[in-house]
Structure formats: structure tokens, C-alpha cells
2 protein chains.
Amino acid sequence: MTRSDSGTQRPGSTRRQFLLGGAVAGVAAAAAVGIDHALGSAATPSPPKAGEPVIHGGETVAFHGKHQAGIATDAQAHGTFVALDLRPETDRDGLRRMMRILTDDAARLTAGESALADSEPEMATTPARLTITFGFGPGLISRAGGSGVSQLPAFTIDRLQPEFSEGDLLLQIAGDDPTTVAHAARMLLKDTRSFATVRWTQQGFRRAYGTEAPGTTMRNLFGQVDGTANPRPGTVDFDEVVWRTDGWLAGGTTMVIRRIQMDLEGWDRVDRVGRDQSVGRKLSNGAPLTGVNEHDEPDFAAKNAIGFSVIPEFSHMRRSRSDNPRERIFRRAYNYDVPPAAGEISNSGLIFAAFQADVEAQYVPLQRRLDELDLLNEWTVPIGSAVFAIPPGCQPGGYIGETLLG
Amino acid sequence: MTRSDSGTQRPGSTRRQFLLGGAVAGVAAAAAVGIDHALGSAATPSPPKAGEPVIHGGETVAFHGKHQAGIATDAQAHGTFVALDLRPETDRDGLRRMMRILTDDAARLTAGESALADSEPEMATTPARLTITFGFGPGLISRAGGSGVSQLPAFTIDRLQPEFSEGDLLLQIAGDDPTTVAHAARMLLKDTRSFATVRWTQQGFRRAYGTEAPGTTMRNLFGQVDGTANPRPGTVDFDEVVWRTDGWLAGGTTMVIRRIQMDLEGWDRVDRVGRDQSVGRKLSNGAPLTGVNEHDEPDFAAKNAIGFSVIPEFSHMRRSRSDNPRERIFRRAYNYDVPPAAGEISNSGLIFAAFQADVEAQYVPLQRRLDELDLLNEWTVPIGSAVFAIPPGCQPGGYIGETLLG
């Protein structure tokens, strides 16, 4: 809530307003006669100099290209996901204007330059691998006269809350610096103001940049190594799982975002053996229960001495795995941990984000299996769900969404 | 909200419970006959090996010492502040037990070791300069039969909300890795469960570790360089401003935490000149309006061509400065940026945290001046306020609070 909406009046404001009246006049006068110590030094700040002990604040990820950034990009430490609802009057022309403005500012911000209307240009000079990825929900696409994605079917495990579900336009703003991510989100939301309103915002995190060896698979807040079986960016496999090759989405993909509430208190009451069996992997290092190292191939046929599968049939890993190689996705999740409600001691979970060329053919059958049976469902509840088409990237001079709106 | 409190039943649970009944039996059986791939590898993980490209995840800040850590410590990227209310039955003996348990786990976690009852020990192995600092509110101190601090007097600018104000026990959990901070908070709150309930939680951030040159003063979300005049840890000046020398708080200090809502939308409508004049410093680099570099000494007597003070009388810097050298504080603030309410585009501000030996003698007169006049008040509203005594540090075998509770 901003101050102007607080609906409160301050005692003593008359005296202060009197004092401030003079003060503001002083400012105006100072500006009028050119006594201005600010403007001379308000130009775009210079980038860090060589030899300064700056480690990674200046690192950038290219905005332009065949695909949007923020998908194949090694996941940054912080991710903010904002879904917006279009205003009723935003038509196809309005969508095009909005996406041109957003594209322009996203290209600037991710390069460590200030947004066009940024009055704090210093806030933009630490990109820290900032990426900005745009997604179009079913409502936006249909308003543009196209088609592409629909929301997911209902799953029995779902307890969806509208405040974390659906939306017309998605901004995924990710970077290694939380201040940069916050500033970028604000700049982009200023751009959207006349076209759309915020529907929901979800803020997540992974390990901070440089705290672990590169390539370490993240742990979620259950302590699970989460994402071992992910396709690896830069491989043919990844390209086949993720990128669309047909229609206006060619070079793009689709994205499923689900907010998965994790019952950390209930999980605490499960012993180590039960946890490993629920996942099908060892919590210690993420190795399958039939293996030693994280990336060992699981042996689903292996039985223990009394005839049970070593990797239980009900385990999350077993239930996630299909015999159909098409039923795979690329996960790029973030943990969330927000202040708990009164009397609770945690409100935590996972902002599950998955990219796949085709939601219906890849994601849905996988999620149907997990909906039917997955021991992890005992401690997790999906409370938000949204699907977005992720348009392809663009070249300088172009804009994200031009294959739909152009 | 945890799942057990959702009050909802899932369709299809009968079938799943049937399947899970068998599954859980399988787990028990597997455990009983020792088919357990987990326990063998669930020992405390080894620290990062030399030569691995781990940059800073293993860095620790000593927990034990004359003073608590997390005050003179270079501010980490993430700070979570949790205030708790004591349960009615928590007496002086209970306080002592609680602080022994908390101290023990804080010493472990900050050393990169798992908490005593931690069933995810892997989550603790990336301390990333984790510090845990305890504070005692007036209610706790009085229940212990002592005295020390009181809440602040009312200020006319305050619009305090109980959900961000007061509290008996404070946990300041700060570190460079957000996952570590979240895990540590959960471990500590498990410790407090039978003694206290959570009153409020505030989560904040600064620049990520390694994004800027060491020693760079932080910027708040107005883009202001914030904290230039801070006493520098390791100096006599800092020691005099911060550490208490008398009574049970000797070696400790006091802490004021105020949640300052910042009207980013209103601030956006102020031009660059007006902003610089409001602060008294250039936004570009934090230099006083009479200087060139951030740490130049301001010249409050300097006038411009038409006779106005170059550093305006109403500016935040001028109003913060007292002729009495005792009226100084040490700030260690964090930005906050949380999902905005419907229709808003930002909910942001500053978790203002100040340490000083004596709240009444140092903080209160300064805040009274700012309450009376400070142009920044036009765009900022204090919505939370709390005061805590910060006990001295302890040695191994001791516990935080022993000078009050021992």
C-alpha cells in the first residue's frame, strides 16, 4: 500500500506543510538559478573498472536471440514472477505497444543500462545476470486473435487459490542480486501500468551465486536434491524437450508455474528412511536408492531382500518417470519462504516452474501420474497454477511477441 | 498455513490411503530388515574440498566472543528478523532453558553444522557468513526480573501496525545465502516452539555478496546511498557509539527496528534536483551537496548565490546531524520488497535497524528531530517499531542472556 492510499491524516501536518512550503520553494529557486549539484553527475555511471574487486555484479546475459533468455540460462539466485491481467481496453494494438515498451526496457535493464523512464539510473548498473522473460496467458493470446495454450486440467490434489493462479501476461525477472531484481520489477510494472494490473507476484530464491560449486543441483526446502534428471541446456535433448518448432511459438516454449506449499512441519515428523523412500533418492546426495552418486541411472527393477522394489513404486522419482520419452519437462524452480500466518512457524514451498514444448503432451501426463500416486503428495499441496506461452526471442529492433502481434 | 490446518479433504483419498498403507508398510519393513540405502550416507557431509570452485559458501563468522555477531559484522545480503511473544507459562527458568537451546543451535548453524534436531543436515553446510543475533524486548526482560529498554515514545509521523511492532524476543538471522537463512530461521523457531509464538517476521535484502566492491555503501530502494556517515566497525568511534559498558548489558547494545514504508510511486514524481535536496546528498554517488565524493565532510554553512543553504535545512542529512556528538547511531538496514496489494505496483521500504549503547540518549533525540522536520517524511511512513536489548556475546559453554538470566 502506498502512502496516498493509507487514508490517514497526520497530526501536526499543518505546521510541517508550512515549513515544507518554504522548503519546496527553496528547491524550485535553487533549480531555477542553476544551483544544482546533481545534474552534472547524474549521467549514466561508468561500469566497474578493471582491477576493482567486483566479482559478478557486472555479468550480463544477452537479451536478444532466437530464444528468450531466462530458460536455458543457469538459474540465478533470485526469481520474481509477476502475472498481470489486461485492462479491458487493451486491444491488439495496445498489446503491441506494451510489448515494444517492455522489450525495450528489458533489453536495457538486462544490459545494465537504466530503463527509459528510470529516475534512479544507478540502480541498474549491477545487472548480475539479470534476465527478463515474458509469457502470454490464454487470455492475452485470445485477445490477440491467436491460440496456443490453455490452463491445466483439474487435478485432485489441487487446492488452487486465485491469488496465485492464471493471468494474462507473465514477467519472469531473475538475477543474482535481489536489489536489481526488485528494481527491474518496478521499472517493468511502470511500463505495464496503462495496459494491465498486477494479478499475483511470487518471489523465490535458490542458493546465492558463488556459494556452491557450479552445476550443483539445487535443494528445495525439504532438503531434497531437486532437478537431477533435468535435461541439460546446450544439448539436443534439451532443445527437443523445450523448444517449439511450429507456428508463432517456433523458437519459444510453454511454461507451467505451480505454487507448491510444502508442509515442513509434517515432513519433520518423517524419519530419514521414510524421506528417502518417498523421493526414491537419498537426501544426502540425491543418488537414486539403487546408486551411489547423484547422476547414477536408477535401476527400477532392483528388489530388496524381501521382494520390495528398492526404488518404491510410490516414490516421487518412480512416478515422475514415464516409459514414453516424450513425457519429459525442464524444471527451473525457486524456493519460497514467506512470513507465516499467526501461530504458524513456516509458510514455505516451491515455485515450480517447468518449460516444455507442449504442455498437453509432456507436462499433463506426468502430472496425472503424480496426481494419482506420489507419496510426496502427503506433504505438498499445489495452491497456485498458471500456464503461459513463452514467445521466441527477438533481434535488436524487434520485440517479444512480434510473431503473434506483428 | 500448513496442510494440516487447511481443513480440506481431498477427493480420492480413500484409494490413495489404501495404496499408501501398503507403501508405508513397505518402508517400515525395509527399515526393519536393514535395506536402507540412506543411513549409511546420512552422516554430516564433508566441507568443500580445496580446489573446488566454491567462492564463499563456506565462510563463517565466529559466534562466540565478547559481543554478539551480526552487529559489527559486514552486513550480509539477506536479513530475516523474527519477533516472538513469550507464552504465558514461560518463566525465568523457561527463559534460561530456551536461551541455552537457542545458543547451542545458533553456534552450530553459524559454524556450518546442523542444529541438534535437524533432520536435513545437508541444509546447514553452506553457512555463507550466517550470523544469529538475539534481542530481548521489555516484556522478556521484565519477566526475568530485570530492566533495560522500553519501546520508543510516540512520533507524529508513525502509523504503526501491531503486526510489525514490539515483541519479547528477537532473532536477527543474517547471511549471504537465502536458503541458509530460511533453514536457520526454521531450526531456531522449532527451538522456541514450546516457549514462544511468532509475532512478526520481516525479510530484507541488500546487494548480493560479490556484486559490488567491498565497502560500497548500500543503496535503498529510493536509490539513495544510505549509511555513509555510519561509524566504522573496528574503530574506537564505533565502540563508543554501539557497546554498552554497564550492568547486565555490558558488552551488549540496544537495537531499534523500524519498518519504513517508502512511497516509490510518489518519489517517482520528484525530479532529480528535488530528490538531491531532500536528502542533502547527490543520488549519483552519495556526496554531500557541498562536496564531490561520498565521504567528503558536508559544509552546512555554505550558501548558494541567492542565499539559501546549499545543504537545505529541511534535508534528511541536515536534520539527522546533531551538534551533540553523543546523538549518533550505527545503522544496519535491509531493503524490503514484498508482493503489493491488489491494484498497487509496489510494497517496498526499509527495515531500518539501528544499534546504539543507549536508545534514550542517542536514538530518541535524533528521531525527534526527524519527526519534527525532514523532507523525506513526505515519501516515507514508519509502519513498525520495536526496541530490543542485545545481550553481550558468550563464550563456549555459556549462553546468550546469561548476564540477565544466570
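Pairs only if they're at least six apart or on different chains, beta carbon under 8 angstrom, first in the range B:95-114 and under 18 Å from B:Gly175 (Cβ atoms), second part of a helix (DSSP H, G or I) and open to solvent by 30 Å² or more (accessible area, probe 1.4 Å); list them, first residue then second. That search, which allows pairs on different chains as well, returns B:Ser114/B:Arg108.
Of the residues examined, A:Asn347 is one that is of a type in the set (S, T, N, Q), within 9 Å of another protein chain (Cβ to nearest Cβ), within 30 Å of B:Phe81 (Cα to Cα) and surrounded by fewer than 19 Cβ atoms within 10 Å (Cβ to Cβ). The residues of the range A:60-79 that are out of contact with any strand residue (DSSP E or B) (no Cβ under 9 Å at 6 or more places or on another chain), within 14 Å of chain B (Cβ to nearest Cβ) and not β-branched (Val, Ile, Thr) amount to a single one, A:Asp74. A:Gly274 - would you say it is at the interface with chain B (Cβ under 9 Å from one of its Cβ atoms), free of Cβ contacts under 8 Å to residues at least 12 places away in the same chain and within 27 Å of A:Arg368 (Cβ to Cβ)? Taking the combined requirement at face value, the residue satisfies it.
Just to be sure before I move on: is B:Val359 more than 7 Å from chain A (Cβ to nearest Cβ) and open to solvent by less than 20 Å² (accessible area, probe 1.4 Å) in the structure I sent? Yes. The condition (being modelled with pLDDT of 95 or more and open to solvent by 60 Å² or more (accessible area, probe 1.4 Å)) is satisfied by just one residue among A:Arg321, A:Arg328: A:Arg328.
The residues of the range B:76-95 that are within 26 Å of B:Val181 (Cβ to Cβ) and not in a loop (DSSP other than H, G, I, E, B), listed by number, are B:His78, B:Gly79, B:Thr80, B:Phe81, B:Val82, B:Ala83, B:Leu84, B:Asp85, B:Leu86, B:Leu95.
Considering the range B:107-130, the residues that are within 14 Å of chain A (Cβ to nearest Cβ) and aliphatic (A, V, I, L, M) include one that is most open to solvent (accessible area, probe 1.4 Å), namely B:Leu116.
The residues of the range B:177-230 that are open to solvent by 40 Å² or more (accessible area, probe 1.4 Å) and on the phi > 0 side of the Ramachandran plot amount to a single one, B:Gly215.
Among the residues of the range B:293-313, are any at the interface with chain A (Cβ under 10 Å from one of its Cβ atoms), under 29 Å from the mean Cα position of the chain (by Cα) and not charged (D, E, K, R)? Checked the range B:293-313: no residue is at the interface with chain A (Cβ under 10 Å from one of its Cβ atoms), under 29 Å from the mean Cα position of the chain (by Cα) and not charged (D, E, K, R).
Within the set B:Thr290, B:Thr245, the sole residue that is assigned to a loop (DSSP other than H, G, I, E, B), more than 29 Å from B:Asp158 (Cβ to Cβ) and at the interface with chain A (Cβ under 9 Å from one of its Cβ atoms) turns out to be B:Thr290.
Yes or no: the range A:299-312 includes at least one residue that is under 30 Å from A:Ala250 (Cα atoms), open to solvent by less than 40 Å² (accessible area, probe 1.4 Å) and in a strand (DSSP E or B). Checking the range A:299-312: not a single residue is under 30 Å from A:Ala250 (Cα atoms), open to solvent by less than 40 Å² (accessible area, probe 1.4 Å) and in a strand (DSSP E or B).
Of all residues in the range A:113-143, those being farther than 18 Å from A:Phe81 by Cα and of a type in the set (Lys, Arg) number 1.
Residues in the range A:73-105 that are open to solvent by less than 10 Å² (accessible area, probe 1.4 Å), farther than 29 Å from A:Arg219 by Cα and in contact with a helix residue (DSSP H, G or I) (Cβ under 8 Å, 6 or more places away or on another chain): A:Leu84, A:Thr90, A:Leu95, A:Met98, A:Met99, A:Leu102, A:Asp105.
The values are calculated or read from the model by the stated rules, or taken from the named source; none is laboratory data. Here the structure is a predicted model, which is why all the values come from computation and not from measurement. A quick note on method: Cβ atoms are made from the backbone with ideal geometry, for glycine too, and the neighbour counts reach across all protein chains shown. Protein only, heavy atoms only, side chains kept; ligands, DNA and RNA dropped before computing areas. Shrake-Rupley method; radii C 1.70, N 1.55, O 1.52, S 1.80 Å.
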